[in-house]
Amino acid sequence: MAFVGSGRRRAATLALALEVLLAGVAVGAGIVRHQPLGPDYVDIADVAAQPFDVGAGSYTWDCGRNEIGHRNSANVVVTPGRPGAGHHLHDYIGNLSVDIPSTVRSLAGGGTTCGNGDESSYYWPVLRVVGADDGPHGGAVQVPVSISLTYYGNARSPVVEMPWLLRGTVGDAYALTNGGARAAAVWSCSGSPDRRTTRYVICPGAERVLRIFDLPSCWDGRRADSSDHRQHLVFPAPGGGCPISTFAVPRLRIVVAYAIARGTRYRIDSFEGQRHSPLTDHAFFVNLMPSALMREIVHCLNAGLVCTDRSQRGS
């Protein structure tokens, strides 16, 4: 988004004000204690609990935690075939072939880190621990201690199969200067995942820092993508139902957990002007699940079952 002169400064000021309003809700009288790590951080004890809104039925599978270090600046959904900013790296799980020259169609047959043969690609900005000597984009990239992928059903209707190469987007990498309307950052701690905020969380003891990505799940029934990578796949309405003329597909939730010591400064990679704001967190997926596996998932969700992929059973 382009701004000039005072308009740009005004937009940045409004965005900063909105970020404060979107920040986690404090307990008690609504006063958040001062954080020495800065205004982007909040103690999890100062965050209100919120119920998770999911439908009956779930399907869980494992694609590893990017132990192999598959990272680059590509974005196969938004800018296929072109490099991104060198200081904005993505972590990938699933499809092994995603790289700068990739397009969504080139991913087929690229191999996968998923135990069930799912060649879909799932990705988000890397998270770094920041030291005193690290520059504006420095810091050690953190390997998650775990990543969980779960599909959920819809609370109001059966789900249908996702089409091949369906693309999904959650969050906004430019939320700080875009006004925040598409911001969907969720940060929490492993000991209280019902406490969720848009700010970086400070967790007690040995608890893990969680990033939670809830992807949209109401498909227009026609397109695998759209000009803004959002109009074809939108979020359910309050209560879980899909908007008119859309169809419920499996609802993907990705939970990424990190071992971050209390009092440690950390941040996601961001674009220039976004100052590593936690509000700009975002994630993407491209569906390349085998059709038989997608049918199995849909059957599980519509039957209201709690399913675990065969490759994980007994492990």
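Every number in this text was worked out from the coordinates using simple rules, so none of it is lab data. None of the values given here were measured: they were computed from a predicted structure. With ideal geometry, Cβ positions are generated from the backbone for all residues, glycine too; neighbour counts draw on all protein chains shown.
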### Summary
CD proxy, 222 nm, the chain: helix-only mean residue ellipticity via -39,500 (n - 2.57) per DSSP H run with n ≥ 4, per residue, nearest 500, stands at -3500 deg cm²/dmol
### Unit charges at the beta carbon, dipole of segment 119-224: most positive-side option, 218, 142, 120
218
### Query
Looking at the square roots a ≥ b ≥ c of the eigenvalues of the Cα gyration tensor of the chain, which shape do they give, rounded for a/c under 1.5, prolate if a/b is larger than b/c, or oblate?
rounded
### Net charge dipole size for the chain [Lys, Arg +1 and Asp, Glu -1 on Cβ; Debye, nearest 20]
400 debye
### Task
Taking the chain as the reference, fit the longest principal axis to its C-alpha atoms, fit the long axis of helix 291-302 to the helix C-alpha atoms, and give the angle between the two in degrees, 0 to 90, nearest 10.
70 degrees
### Summary
With the label point 7 Å along the Cα-to-beta-carbon line of residue 226 and a cut-off under 19 Å to each amide N, the hits in segment 269-284 are 283-284
#### Entry: DSSP-assigned coil residues among trypsin sites (Lys or Arg not before Pro) in segment 114-198, each with at most 16 further Cβ atoms within 10 Å
156, 182
### Query
For labels at residue 292 and residue 143 in the simple 7 Å Cα→Cβ model, what's the distance in nm?
3.3 nm
### Query
Do any trypsin sites (Lys or Arg not before Pro) in segment 200-230 lie in a DSSP loop with no more than 10 other beta carbon atoms within 10 Å, and if so, which?
222
### Message
5 Å is the cut-off here: which amide hydrogens, built 1.01 Å from N in the peptide plane, fall below it relative to residue 91, excluding neighbours closer than 5 in sequence?
### Response
124, 126
### Summary
Across 185, 206, 74, the residue with the highest GNM fluctuation in the chain (Cα network, 10 Å cutoff) is 206
### Task
Round to the nearest 10 and give me the degree value, 0 to 90, for the angle of helix 5-22's Cα axis relative to the longest principal axis of the chain.
70 degrees
### Query
Dipole magnitude of segment 204-315 about its Cα centre, charges +1 at Lys/Arg Cβ and -1 at Asp/Glu Cβ only, in debye to the nearest 20?
280 debye
